[in-house]
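Chemist: I'd like to ask you about the structure that follows.
The values are calculated or read from the model by the stated rules, or taken from the named source; none is laboratory data. Model, not experiment: these values are computed from the prediction. FYI the Cβ positions are ideal-geometry reconstructions off the backbone, even for glycines, and counts take in every protein chain you see. The protein model used for the area step is the full one, side chains on, heavy atoms only, and it has no ligands, DNA or RNA in it. Shrake-Rupley method; radii C 1.70, N 1.55, O 1.52, S 1.80 Å.
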Amino acid sequence: MLAGHRKVEHSLQTSAHMKIILSHSHSSSAFGVSLAKKLCLSLLIAFAAWSDASADTSIYEPYCFDSMAGAAGSPGSLNGTGSAAQFNQPWGLTVAGDGTVYVADTLNHVIRKITPAGVVTLLAGTPGSNGFADSPSAPLFDRPTGVAVDAAGNVYVADYNNQRIRLITPGGVVSTVAGSATIGVNNGTGAAAEFHNPFGVALNSTASLLYVSDQNNQSIRVITLPGGVVTTHAGLTGTGGYLNHAVNSSARFNTPKGIAVDSAGHVYVADSGNMVVRKIAASGGVSTIAGDPAVPFLAGFNDGPGAGARFSELAVMSPFGGPCGVAVDNSSNVYVTDQGNPATFRGHTIRKITPAGQVTTLAGTVGTPGSADGTGMGAGFQFPAGVAVDSSGRLYVADTVNHLIRAQCCECVEKIFVSYNNGTIRQFDTAGTPTTFATGLSTPKGMAISGGSLYVANTGANAILKFPTSGGSSTVFSSAGLSGPTGIAFNSAGDLCVANYTSSTIQRLNGSSGAAVPPFPVTSPNMNGTYDLAFDAAGNIYASSHNNNTIQKFTASGVFISDFVSFGGGLSAPRGMAIRAGVLYVANYITSVITMFDVSNGSNLGNYATGADGLLNPVGIAFNDAGNLYVTNAGNQNILKFTAPHVGTLFSNLFNQSPDFIAIYCESTAPGVTINLYPGLTIQGSVGCQYRIETSTDLINWTPLTTFILPTSP
């Protein structure tokens, strides 16, 4: 096992003990790791014969989680992007078909909205002000806990302390669907119905029924939509207990929290007081799918067959504990947040229940709160509450006491494309292994990637070529208004902008048709030898002016703004550029340095790398999503990789040719391949990850049995 690699151990308690050690060995992996698209290690350990389900043993099926929005340990109500936003104990969340996440920001008494890019805004409510008001301009909530969204963008809210179910239209108008200020058990229509701390809400597939976990009424209610007619779906309103039954009304629940509905109409409930997960069949009848129906009050953290699984218990005089949130995917896998009890070493984990009833732990360390991003036990949670799953199977978690919204990492393979001055484009994996992607081009330079296609500035032919990123022949995308095209980049509108070196202009091409977009091409008084382009968050264009050592700044529509970095500002034949986190990085060809500038004011922030770090005539630079900077080093005919300022390593020097531009792409992959190891033991894992199988007879002395790296096929 390579030192320093994260390791996850699973002890298989059978007559012949076996242990699987999974090493995330990036040196042998073809996968790249990124901020928004980290490798998600979907490793399924399925045990067909589990002999001792009663012992507390976690079977880890390691999932990777990132922080999508919020700042760990910093409660607040700020809107913003990613970690710039703040939450205050979010309890519930749901995800719409377009990837928008809606959050019940409970202690802020508001409903928030997060775009797929992590931009957080206020949907409804007044941060920090609790109460009740359906006012279209100033609605108020009181500790909302559950949310659900339909295909039209209507958001339903379990308004916990207001004893109501609320509706927020796409236009932000808030109204009450059912319930009133009166705590009670009555069924009825609209305000005639009564609830006692409704916790979770879930819609059926047609959005005609809204299911409610009526927590302190110990029952599951259902509301017809439209109309707001409330009836009791399962349990006896106001009477708690534990009982499965073929008749819904004869079943009993104890503090039901999270609720979810699958496409067939089956309802799943986190029955937190009973420490079990229940299922209400569409045809009627309540059963237990995880936890022991014979001994419902035995807490623990055991994985394995459903009846042998254990969950944390409710805390005394605290809102936390027990199985809390539930979600169900298109394959009928049920996901559960095992929230945890402050007084016991349990919970703080994300669990999974398969349709066959097998329970595994996906992420978090049992009984140990944390906030780290990572995989399996490397990911930390602190009393997670809500969980949601999108149509592609990606999980989202309301990490309540961390004040975070977490998301499962997206699985991808990083592809690195480099153009060479001999007319070749090569593709590298993250280990630096190359393949030839294209040959016979006419001085290829800048590259950009969009929609699964690689666009290449074929400089000698004054054209932009378009290739599938998977490889194959090219087509001419455009030659409109091109004159010695070098650097190219896509703007936020999806149009391709081109640096024309010969004419010292910037051209803009329609991203679909390749037609010129007026008033482009544009230039400026001090533009001389336009070499590369970059965009800031506002869409402004930065162009390196190679022949007079300046950076020119334009608006997104092509209006010249300024000499962003003027002559004498520390540039020397500037070529490649990149912008990351408010900093502009520029490759200076002659002085062999990469200089940093503050995007907000143009001030020189010093050098990121110099000749002392191995630079000689750098040309192209590009960041991958993990923040590593790759540099094509023309003078030394190699490619360098920097993980931090002045911390670089050799990525490739396999060719006696000068590399020019570089482009990096993270391509989504298919699920991992499956390999059968031994009878009753199957691993579905990620290609390139290393596995070591060990065997033992006494659970102390382990002997290596085999080591392998999962190949591209079994």
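Chemist: Please count how many residues of the range 197-208 are in a loop (DSSP other than H, G, I, E, B) and more than 16 Å from Thr231 (Cβ to Cβ).
Modeler: Summing the residues that are in a loop (DSSP other than H, G, I, E, B) and more than 16 Å from Thr231 (Cβ to Cβ) in the range 197-208 gives 4.
Chemist: Which of the residues belonging to the range 523-547 are under 20 Å from Ala448 (Cβ atoms) and open to solvent by 20 Å² or more (accessible area, probe 1.4 Å)?
Modeler: Phe535, Asp536, Ala537, Ala538, Asn540, His546
Chemist: Now, a different point. Of the numbered conditions (1) more than 32 Å from the chain's Cα centre (by Cα); (2) of a type outside the set (Asp, Glu); (3) open to solvent by 30 Å² or more (accessible area, probe 1.4 Å), Val593 fails exactly one; give the number of that condition.
Modeler: (3)
Chemist: Restricting attention to the range 385-413, which residues are assigned to a strand (DSSP E or B), in contact with a Cys (Cβ under 7 Å, 6 or more places away or on another chain) and crowded, with 23+ Cβ neighbours inside 10 Å?
Modeler: Selection gives Ala385, Gln408.
Chemist: Now for a separate question. Looking at the range 563-581, which of the residues that are at positive phi and in contact with a strand residue (DSSP E or B) (Cβ under 7 Å, 6 or more places away or on another chain) is most open to solvent (accessible area, probe 1.4 Å)?
Modeler: It comes out as Gly570.
Chemist: Exactly one condition in (1) out of contact with any Asp or Glu (no Cβ under 8 Å at 6 or more places or on another chain); (2) surrounded by 24 or more Cβ atoms within 10 Å (Cβ to Cβ); (3) free of Cβ contacts under 8 Å to residues at least 40 places away in the same chain is not met by Lys113; state its number.
Modeler: Lys113 satisfies all of (1) out of contact with any Asp or Glu (no Cβ under 8 Å at 6 or more places or on another chain); (2) surrounded by 24 or more Cβ atoms within 10 Å (Cβ to Cβ); (3) free of Cβ contacts under 8 Å to residues at least 40 places away in the same chain except (2).
Chemist: Pairs under 6 Å by beta carbon, first residue without any contact (Cβ under 8 Å) to a residue 60 or more places away in the chain in the range 60-80, partner assigned to a strand (DSSP E or B) and of a type in the set (Ser, Thr, Tyr), six or more apart or different chains?
Modeler: Pairs that qualify, where the first residue is without any contact (Cβ under 8 Å) to a residue 60 or more places away in the chain and the partner is assigned to a strand (DSSP E or B) and of a type in the set (Ser, Thr, Tyr), are Asn79/Thr121.
Chemist: A follow-up question, please. Here are some residues: Ala578, Ala543, Ala587, Ala626. Which one is of a type in the set (Gly, Ala, Ser), in contact (Cβ under 8 Å) with a residue 40 or more places away in the chain and assigned to a loop (DSSP other than H, G, I, E, B)?
Modeler: Unique residue meeting the criteria: Ala626.
Chemist: Would you be able to tell me the number of residues in the range 211-235 that are within 19 Å of His266 (Cα to Cα), open to solvent by 20 Å² or more (accessible area, probe 1.4 Å) and in a strand (DSSP E or B)?
Modeler: Within the range 211-235, residues that are within 19 Å of His266 (Cα to Cα), open to solvent by 20 Å² or more (accessible area, probe 1.4 Å) and in a strand (DSSP E or B) number 4.
Chemist: Which condition number in (1) in contact with a strand residue (DSSP E or B) (Cβ under 6 Å, 6 or more places away or on another chain); (2) closer than 18 Å to His266 by Cα is the one that Pro323 fails?
Modeler: (2)
Chemist: Here is a further query. Being in a loop (DSSP other than H, G, I, E, B), modelled with pLDDT of 90 or more and among the small types (Gly, Ala, Ser) is the filter; apply it to the range 630-673 and report the residue that is farthest from Gly393 (Cα to Cα).
Modeler: Only one residue fits best here, namely Gly635.
Chemist: Which one of the conditions (1) touching an Asp or Glu at 6+ places or on another chain (Cβ under 8 Å); (2) open to solvent by less than 20 Å² (accessible area, probe 1.4 Å) does Lys445 fail to meet, given that it meets all the rest?
Modeler: So the condition that Lys445 fails would be (2).
Chemist: Only one of Arg426, Arg394, Arg406 is under 12 Å from the mean Cα position of the chain (by Cα) and either among the β-branched types (Val, Ile, Thr) or modelled with pLDDT of 95 or more (or both). Can you tell me which?
Modeler: Among Arg426, Arg394, Arg406, only Arg406 is under 12 Å from the mean Cα position of the chain (by Cα) and either among the β-branched types (Val, Ile, Thr) or modelled with pLDDT of 95 or more (or both).
Chemist: Here's a follow-up. Which of the residues belonging to the range 436-472 are at pLDDT 95 or above, under 34 Å from the mean Cα position of the chain (by Cα) and farther than 15 Å from Ala663 by Cβ?
Modeler: Thr436
Chemist: Would you be able to tell me the number of residues in the range 166-195 that are in a loop (DSSP other than H, G, I, E, B) and surrounded by fewer than 19 Cβ atoms within 10 Å (Cβ to Cβ)?
Modeler: 11
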